[in-house]
Amino acid sequence: MKSSVNTVTLVLFLSLMAGLLFITTEKSNAQILELNQKIFGMDCAPCAKGVENRMKRLNGVQNAELDLNSGEARLIFSDSHNTSLQQIQRSIIDGGFSPKEARIKIKGNLRYENQMWLLYTESGDRFVLNATGVDLSETNDEKVMIIEGIVAEKNNSEDWSLTIRKIHSTGST
């Protein structure tokens, strides 16, 4: 009898731990936390509504609002998603419009490579960081950070250019 109680206890404990691991893994997938994306070419309410609806269908988007006057979409994301900035901007382009610069709050791994700081996200985006006025000297390579800043309009480069406005540690590595 005691052996079956211990087995049941062990199975319950392992199930609980597996559940906690799953929850932790899911929450760590959040990459883009907030995005304010400038969009060029929208000049009517039906255009703006179409873009807003496309954005709402993206994986992990909790809320999408589009302001036709400013030409800006504001996206708020759920805790677990893997939507990349490239996917968001592809959605805009597929709708017939042009993505411009964006204000972003994003989580990723910092790395120092080839004498420059880079931010990598689990969704596959890579950002070259412009840290003018921000001290990264105390930052550890491979540290998970949350960065707020401005992403320049995409050029022909594979990387995004991200000018840091604020940087926060997540406490993870």
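The numbers here are math on the coordinates, done by the rules we state, and not lab data. In this text, all values refer to a predicted model and were calculated from it rather than measured experimentally.
Taking the Kirkwood radius as Rh and the Cα radius of gyration as Rg, region 36-164 has a ratio of Rg/Rh equal to 0.99. Taking the inverse of the mean 1/r over every pair of distinct Cα atoms in region 53-109 gives a Kirkwood hydrodynamic radius of 12.1 Å.
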